[in-house]
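Taking it in order: structure first as structure tokens, then the write-up.
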DNA sequence: AAGTCGGGGGA
DNA sequence: TCCCCAGACTT
């Protein structure tokens, strides 16, 4: 076959391709409960359940769901707790809430029957491009693409498509390719055949090209580059960084803020003083707090830091702590934890709240300043600082004007 | 465009 | 542990 090297297929080649796929599907298709007929309600429910969920998991859920809610009307009228019970363990619970919203839409707008126009289908809550295409093609025999992860994998191999499937816009490229090649007479079977092929033959890691009905048409197979496709960039996981935040008030009710240096993340911005600690230390403080929380003799965060063996703690921080320990009175209980994800970093911030010790003025560093809460508005706070301030309000360490 | 939402299975 | 799976919605 020379077909595989062609980027565009002739009409005849396209027909042969469709035939190969459909013939394979006829003999190899999986027998699944939602394939007993093409009732739009059953197809709809199955497609929603199958989003990010494997077939074997879905089957028992599907059967029970059909018993409990046998029609669109039954779904529309179902009590929410019953609905959630039916979904318990499936995950992505907004799926079932959206489905009921859509069921009500269908009852009021379409007399209780699934609309047939693709644009009407995809306007329903929880039905996106994939599911709309699946329903339109399976139930109403419209040549609509239903592009999911499987289809992108198969087509990227068929045509050696290098576009990054992690990017949202790439889906349109594949939809275009499917529109060019979908069977006009059996679009539903065609789409379902792709799903089965992706699940059982054209698998992510070790595709079974020797039994694949499309091998003769497959560019990647011809080049022996099956596992180079699909191209998917994986973004590096944000590196965790751990901080203690020193939330200190003086007798005038002002808070100590510190300006970050001109290098690195959030350069020049103002936050509560943040001191980086190791992961081990951070965990130690969290655990220490939790285990002490029952007893009356709960330590302050800085007691725990002082107990630290030093190996998990930077010396400079310990020295600074000695000063703060003597000049500030720390609360026994933690304020709480704040996390924030940057593109490359994930900050974990444990907040400790304290007060300047009476009669001993805190010695401020060059980049530190006392600031009244009323003046916070004059600062452009970075997101982590905003989250910390919000947490202080929540814990009534900061009082909003309306409360007072 | 990126973050969020769950849980199970396989490498 | 990490990635993947019949994705869609929100910000």
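The values are calculated or read from the model by the stated rules, or taken from the named source; none is laboratory data. The structure displayed is predicted, hence computed values, not measured ones. Neighbour counts are summed over all protein chains in view; Cβ atoms, including those assigned to glycine, are modelled from backbone coordinates with ideal geometry.
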Check your understanding: Which of the residues that make up the stretch A:363-381 are loosely packed, with under 13 Cβ neighbours inside 10 Å and either in contact with a strand residue (DSSP E or B) (Cβ under 6 Å, 6 or more places away or on another chain) or part of a loop (DSSP other than H, G, I, E, B) (or both)?
Key -> A:363, A:364, A:365, A:366, A:372, A:380
Exercise for review: Report the residue count in the stretch A:181-224 for those that are at pLDDT 95 or above and at positive phi.
Suggested key: 0
Check your understanding: For the stretch A:29-50, what are the residues that are in contact with a helix residue (DSSP H, G or I) (Cβ under 7 Å, 6 or more places away or on another chain) and outside any loop (DSSP other than H, G, I, E, B)?
Key -> A:33, A:34, A:40, A:41, A:42, A:43, A:44, A:45, A:46, A:47, A:48, A:49
Practice item. Return a yes/no flag: does the stretch A:164-178 have any residue that is away from DNA strand B (no atom under 13 Å from the Cβ), within 21 Å of residue A:53 (Cβ to Cβ) and at pLDDT 95 or above. Key: no
Revision key, fill the gap. In the stretch A:312-338, anything modelled with pLDDT under 85 and under 22 Å from residue A:390 (Cα atoms) is listed as A:330, A:331, A:332, A:333, A:334, A:335, A:336, A:337
Check your understanding: What number of residues within the stretch A:205-237 are more than 16 Å from DNA strand C (Cβ to nearest atom), loosely packed, with under 15 Cβ neighbours inside 10 Å and not in a loop (DSSP other than H, G, I, E, B)?
Key -> 3
Revision key, fill the gap. Per the filter on the stretch A:212-241, residues within 16 Å of DNA strand B (Cβ to nearest atom) and within 18 Å of residue A:24 (Cβ to Cβ) are A:226
Review point. Has the stretch A:189-200 got any residue that is assigned to a loop (DSSP other than H, G, I, E, B), within 16 Å of DNA strand B (Cβ to nearest atom) and touching a residue at least 24 places away in the same chain (Cβ under 8 Å)?
Key: no
Point to revise | Residue check for residue A:165: near DNA strand C (Cβ under 10 Å from one of its atoms), outside any helix (DSSP H, G or I) and buried (at least 20 other Cβ atoms within 10 Å of the Cβ) | key: yes
**Study point:** Among the residues listed as A:194, A:142, the single one being away from DNA strand C (no atom under 11 Å from the Cβ), within 21 Å of residue A:15 (Cα to Cα) and surrounded by 17 or more Cβ atoms within 10 Å (Cβ to Cβ)
**Key:** A:142
Exercise for review: May I ask you to verify whether residue A:53 is at pLDDT below 95, assigned to a helix (DSSP H, G or I), within 15 Å of DNA strand C (Cβ to nearest atom) and within 29 Å of the chain's Cα centre (by Cα)?
Suggested key: no
**Study point:** Answer residue from the stretch A:4-54, given it is free of Cβ contacts under 8 Å to residues at least 12 places away in the same chain and within 16 Å of DNA strand B (Cβ to nearest atom) and is nearest to residue A:139 (Cα to Cα) among those
**Key:** A:50
Review point. More than 23 Å from residue A:152 (Cβ to Cβ), away from DNA strand B (no atom under 16 Å from the Cβ) and modelled with pLDDT of 95 or more: does that describe residue A:133?
Key: no
Check your understanding: Does the stretch A:102-113 contain at least one residue that is surrounded by 21 or more Cβ atoms within 10 Å (Cβ to Cβ) and touching a helix residue (DSSP H, G or I) at 6+ places or on another chain (Cβ under 7 Å)?
Key -> yes
Point to revise | Within the stretch A:258-286, considering residues that are part of a strand (DSSP E or B) and within 16 Å of residue A:240 (Cα to Cα), the one modelled with the highest pLDDT | key: A:274
Point to revise | Test: residue in the stretch A:76-86 that is surrounded by 13 or more Cβ atoms within 10 Å (Cβ to Cβ), over 23 Å from the mean Cα position of the chain (by Cα) and under 25 Å from residue A:140 (Cβ atoms) | key: yes
